[in-house]
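First the structure, in the form of structure tokens, and then the observations on it.
Throughout, read-outs are computed from the coordinates displayed, never taken from laboratory work. Nothing here was measured: the structure is a model prediction, and the numbers come from that model. Heads up, the Cβs are rebuilt from the backbone with ideal geometry, glycines too, and the neighbour counts pull from every protein chain shown.
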Amino acid sequence: MKKITYLTLSLFSICTFAQEVSQERVKTIISTLASDEMKGREIGTPENDKAANYIASIFKENNLEYCTGNSYLIPFDYKGKTAYNVCGIKKGKSEKNLAFSGHFDHIGTSNSSEDNIYNGADDDASGITALTGISDYFKNKTPEFSMVFMAFNGEEKGMLGSRAISKDKNLDKIYNNMTALFNFEMVATESQWGKNALYMTGDGFSDLDELFNKNAVNGLKINADPYSEQQLFYRSDNVSFVKKKIIAHSFSTVDMSKATHYHQEKDDMSIVDIGNMTQIINNFGKTLDKLSPKNFAPKYNDQVKF
């Protein structure tokens, strides 16, 4: 009887705590967002709303709490229409939180007589897949930090969604406790350093990468920004939170010197490295599992411009 009880408890522990995200799960999420049916997810379209609702369904599946109100969907105005950001929170042992973000909109369709859909698999269905994958990883765990998951809309039109949600007074308590924001922007391909590696925009502005790398597992590495002259730090949704003096950087794998798919119809599933994405998501989760307010409190230096 003792052996049966032990076996039952062991199986229960495996089911409860084995959190690795599968390649099938990663493929399902990114391929759904980048499907032809989403028609490029341009803000203001029914397909964009469909993408927002799909992300909200994943948040619900992972038992995230609402960031505010009674919905994961947080509305804002776009040319007289209602558009949505998506936000969910995983309560941890501390009110201090880490945020994970990406944008789910892309640039819609073209007039091409052949492939006329800008699927945006890398830009930025991959980033949404990364943040939802992290929420998958922590579904049945209680992390040291609370975790905020934000899917922004309207990035392609001037970071409209992140600007709107960053000014939402209903989220001030979350923002006041935000230790850092990890914004995933184009993580579908292998980096110039190989697999299991990303780079951080504006790496010279804070020590976030150094503190993260000290705790990184299984060879996961955040590298310095190789495109600092392009000022990518100020060109993605993280900047909406930089202006609030929150530590906020974008994380990417894309080699900008070879990214011929950028804003092209061929940014589709054919360029996605599912294995590498899955490895990064799981190693990110394992690293985050080691972080707490006691060992992770990144700070800006005096070089950053707010």
- prompt: Would you call ASN119 surrounded by fewer than 20 Cβ atoms within 10 Å (Cβ to Cβ) and out of contact with any strand residue (DSSP E or B) (no Cβ under 7 Å at 6 or more places or on another chain)?
  reply: no
query: Just a yes or no: is a residue in the range 227-234 in a loop (DSSP other than H, G, I, E, B) and exposed (fewer than 14 other Cβ atoms within 10 Å of the Cβ)?
result: yes
query: Restricting the first residue to the range 54-79 and requiring it to be under 15 Å from ILE134 (Cα atoms), which pairs with a second residue that is of a type in the set (Ser, Thr, Tyr) and outside any helix (DSSP H, G or I) meet a Cβ separation below 6 Å and a spacing of at least six or different chains?
result: ALA56/TYR72; PHE59/TYR72
- prompt: Is at least one residue of the range 252-270 in a loop (DSSP other than H, G, I, E, B), among the basic types (Lys, Arg) and farther than 28 Å from ASP168 by Cβ?
  reply: yes
statement: Checked against (1) touching a strand residue (DSSP E or B) at 6+ places or on another chain (Cβ under 9 Å); (2) surrounded by 16 or more Cβ atoms within 10 Å (Cβ to Cβ), GLY285 satisfies every condition except (1)
- prompt: Quick one: in the range 66-100, which of the residues that are farther than 17 Å from LYS50 by Cα and touching a Gly at 6+ places or on another chain (Cβ under 8 Å) is surrounded by the fewest Cβ atoms within 10 Å (Cβ to Cβ)?
  reply: LYS79
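Yes/no per residue for (1) closer than 26 Å to ILE165 by Cβ; (2) surrounded by fewer than 18 Cβ atoms within 10 Å (Cβ to Cβ):
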residue	(1), (2)
PHE184	yes, no
VAL187	yes, no
GLY194	no, yes
TYR199	yes, no
ASP203	yes, no
LYS214	no, yes
LEU220	no, no
task: Could you list all residues from the range 214-264 that are under 20 Å from GLU190 (Cβ atoms), within 19 Å of the chain's Cα centre (by Cα) and among the charged types (D, E, K, R)?
output: LYS221, ASP225, ASP255
task: Give the residue that is farthest from PHE104 (Cα to Cα), with candidates limited to residues of the range 148-171 that are crowded, with 23+ Cβ neighbours inside 10 Å and among the hydrophobic types (A, V, I, L, M, F, W, C).
output: VAL148
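Take the range 213-226 and flag every residue that is of a type outside the set (Asp, Glu) and either touching a Leu at 6+ places or on another chain (Cβ under 9 Å) or part of a strand (DSSP E or B) (or both).
Our first condition is that a residue be of a type outside the set (Asp, Glu); within the range 213-226, this holds for 213-224, 226.
If the condition is that a residue be of a type outside the set (Asp, Glu) and either touching a Leu at 6+ places or on another chain (Cβ under 9 Å) or part of a strand (DSSP E or B) (or both), then ASN213, ASN215, LEU220, LYS221, ILE222, ASN223 are the ones that fit.
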- request: Looking for whichever is of a type in the set (Phe, Trp, Tyr), in contact with a strand residue (DSSP E or B) (Cβ under 6 Å, 6 or more places away or on another chain) and crowded, with 16+ Cβ neighbours inside 10 Å here; the options are PHE296, PHE251. Which one fits?
  value: PHE251
